[in-house]
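Data block below; observations after.
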Amino acid sequence: MSILVFIDQADGHIKKASFEAATYGAKLAAQLGTTAEALVLGTVSDDLSTLGQYGIKKVHTVSDASLNKMDAAVYADVIAQAAGQATVIVLSNNTTGKAVAPRLSVKLKAGLVSGAISLPDTSQGFVVRKSVFSGKAFANIAVKTDKKIIALNPNAFGTETGAGSAEVAAVQASIPASNVEVVAVNKVSGEVPLSEADIVVSGGRGLKGPENWGLVTELAQLLGAATACSRPVADIHWRPHHEHVGQTGLAIAPNLYIAIGISGAIQHLAGVNRSKTIVVINKDPEAPFFKAADYGIVGDAFEVVPKVIEAVKKIKAS
Amino acid sequence: MKILVCISKTPDTTAKIAFTDNNTKFATDGVQWIINPYDEWYALVRAIELKEADPSIALHLLNVGGADSEPIIRKALALGGDEAIRVNSEENDSFFVASQIANIAKEGGYDLVFTGKETIDYNGSSIGGMVAELLGNTYISHATKFDLQDGKALVTREIEGGEEQCQAAFPLVVSCQKGMAEQRIPNMKGIMGARTKPLKVVEPIAVDSMTSVVSFELPPAKAGVKLVSADQPEELVRLLREEAKVI
Ligand SMILES: Cc1cc2nc3c(=O)[nH]c(=O)nc-3n(C[C@H](O)[C@H](O)[C@H](O)COP(=O)(O)OP(=O)(O)OC[C@H]3O[C@@H](n4cnc5c(N)ncnc54)[C@H](O)[C@@H]3O)c2cc1C
């Protein structure tokens, strides 16, 4: 019995969410008295032995360049081949994980918990807590099958590193032909991907128009943050759709979420309420967002945010 | 061409989330039910648009649920679609539901199965992938655009760190999200027409679920907001650095 962690990569680099999955896998292995191994698909330039610092003992690689393209059918097939006797497979519940994990679940007859947020309770069976109702509640899910798959929510678990170096070895796998032909790829480069960001600065309709977004982007840049927006802002094309967070957009859980000119409608909160710290800047003291916030400033964003930017500059310089 | 759109019944986005029976059941008292927004706004509306462009397309809707799902099925039919199928079963785990869908999809010989990217209650994002694997079909998840071109599907989908445009032959399973289409409001003609569209009820096939819900929990309440004066943004920045330790 062992644990296999699927490590997702993009452009040759390990995704941050996969380090969280590695940490989770290693802790689970310790809990179950076994070891955690990892699987990496495609060509990777990062030094994979460093996964040892996250507690991974051995890294299996299938470094075929065709695997740089994610096709759920191909990935699930290759992961299933590499899984061998592993009883628990851990993936990040990112876009790759969401595409692959369900196929793998059917293929291996392994019960899937997607959106897991903590280690299983193995005192009676195997019960994993996951996020439900768009972050408004948790469910404890019992997995009844012998093999299990856990898709861990990004930013839910954190990473932990120590000393250690993992053995890296190529594993034999036959790669099925893909039925998906990629015509064009459009990577959002140079920006922090929203789903992985530690800090997110987000703007709502209170910012009045796209010409005022400099406030959001400048603060974000200073903090090394990603930018987001409320749904109406994306709907009226002030900002691109991929920035839309909330119940019908992306659900995120950064360490810090700064909401500027967003009222805090229940559908918006559903996508951001797992953030560890929430700051709200809104001119209306009755804005519902303040009830969900940790820190707040009641004031006009056009006056307050420039001052916050200055204050951050000062603290960054000191 | 035959398209099957899977629609799920979910609580309205403003529904109060509470639990009964020792936190083992969602409290449904006073809850309004809607079509899961991803299924409705994106999957269903895009399928309707495809049919509008090519009326020879057969468009069927599928729900796995009890009789109390019928109002949302009728609402979906009011938006469009030729007929609906309800697999008469209280929802079970994702694998159970996906097995029912795959069974109907196989029997009906559908070329294309659309699902939403996830439901807003269970947030499983699993049904599409499971259905694809059960059918042995290609799966394209997180689609933001879908077109038909030379008998193939041309799909834009979200991937880690961006998006890609890809092409795939049928049969195909696609999970849909924002970008695919715009929300529509059913009109009177649609609502009247929906009443007479066929809604076939079939019994589920026997499937063992792989997971079960033990209990639900609500997150601990927030301690309350700490307000900082608009004249003292340095104080906010200090708190974020020294107290919350997030910058
Ligand atoms: C089914 C459904 C799903 C939905 N899904 C989502 C979702 O995923 N994400 C989402 O965001 N919304 C979603 N919504 C919409 C949601 O209900 C709200 O309408 C939306 O979040 C409001 O956006 P907003 O806060 O930017 O705008 P508004 O509600 O217009 O709020 C603007 C805020 O800015 C403040 N303001 C104005 N001027 C200033 C100023 N100068 N300085 C500071 N503050 C100022 C105002 O006080 C107000 O609080 C959904 C709705 C439905 C029905």
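A:Arg205 satisfies every condition listed in (1) at pLDDT below 95; (2) over 25 Å from A:Ile79 (Cα atoms) except (1). Of all residues in region A:97-133, those satisfying the criterion of being more than 12 Å from A:Asn153 (Cα to Cα) and part of a helix (DSSP H, G or I) are A:Ala99, A:Val100, A:Ala101, A:Pro102, A:Arg103, A:Leu104, A:Ser105, A:Val106, A:Lys107, A:Leu108, A:Phe133. The one condition from (1) within 16 Å of the ligand (Cβ to nearest atom); (2) open to solvent by 30 Å² or more (accessible area, probe 1.4 Å); (3) within 12 Å of chain A (Cβ to nearest Cβ); (4) among the charged types (D, E, K, R) that B:Asp39 does not meet is (2).
The residue of region B:180-207 that is nearest to B:Leu148 (Cα to Cα), among those that are touching a Ser or Thr at 6+ places or on another chain (Cβ under 9 Å) and surrounded by 12 or more Cβ atoms within 10 Å (Cβ to Cβ), is B:Met180.
Screening region A:232-246 for residues that are within 15 Å of A:Pro193 (Cβ to Cβ) and either in a loop (DSSP other than H, G, I, E, B) or among the hydrophobic types (A, V, I, L, M, F, W, C) (or both) and picking the one that is least open to solvent (accessible area, probe 1.4 Å) gives A:Val245. Of the strands (runs of 3 or more DSSP E) that lie entirely inside region B:129-232, those containing 1 or more residues that are more than 10 Å from chain A (Cβ to nearest Cβ) span B:138-149, B:172-176, B:199-202. Among residues belonging to region A:259-278 that are open to solvent by less than 10 Å² (accessible area, probe 1.4 Å) and either touching a residue at least 40 places away in the same chain (Cβ under 8 Å) or on the phi > 0 side of the Ramachandran plot (or both), point out the one that is farthest from the ligand (Cβ to nearest atom). Among residues in region A:259-278 that are open to solvent by less than 10 Å² (accessible area, probe 1.4 Å) and either touching a residue at least 40 places away in the same chain (Cβ under 8 Å) or on the phi > 0 side of the Ramachandran plot (or both), the one farthest from the ligand (Cβ to nearest atom) is A:Ser275.
Here A:Asp121 fulfils each of the conditions (1) under 18 Å from B:Val214 (Cα atoms); (2) in contact with a strand residue (DSSP E or B) (Cβ under 8 Å, 6 or more places away or on another chain); (3) surrounded by fewer than 18 Cβ atoms within 10 Å (Cβ to Cβ); (4) in contact (Cβ under 8 Å) with a residue 60 or more places away in the chain apart from (4). The residue of region A:281-300 that is farthest from the chain's Cα centre (by Cα), among those that are open to solvent by less than 10 Å² (accessible area, probe 1.4 Å) and more than 7 Å from chain B (Cβ to nearest Cβ), is A:Ala287. Meeting the requirement of 3 or more residues that are out of contact with any strand residue (DSSP E or B) (no Cβ under 8 Å at 6 or more places or on another chain), the helices (runs of 4 or more DSSP H) wholly within region B:1-111 are B:45-53, B:94-108.
For A:Asp11, indicate whether it is under 18 Å from the mean Cα position of the chain (by Cα) and open to solvent by 10 Å² or more (accessible area, probe 1.4 Å). Considered against the rule, which asks whether it is under 18 Å from the mean Cα position of the chain (by Cα) and open to solvent by 10 Å² or more (accessible area, probe 1.4 Å), A:Asp11 comes out as yes. Taking (1) loosely packed, with under 15 Cβ neighbours inside 10 Å; (2) in contact with a Ser or Thr (Cβ under 7 Å, 6 or more places away or on another chain); (3) hydroxyl-bearing (Ser, Thr, Tyr) in turn, A:Thr159 satisfies each apart from (1).
The values are calculated or read from the model by the stated rules, or taken from the named source; none is laboratory data. Everything quoted here is computed from the prediction, not taken from an experiment. We place every Cβ from the backbone using ideal geometry, glycine too, and count neighbours over all the protein chains shown. To get the accessible areas, we keep the full protein, side chains included, count just its heavy atoms, and leave off ligands, DNA and RNA. Shrake-Rupley method; radii C 1.70, N 1.55, O 1.52, S 1.80 Å.
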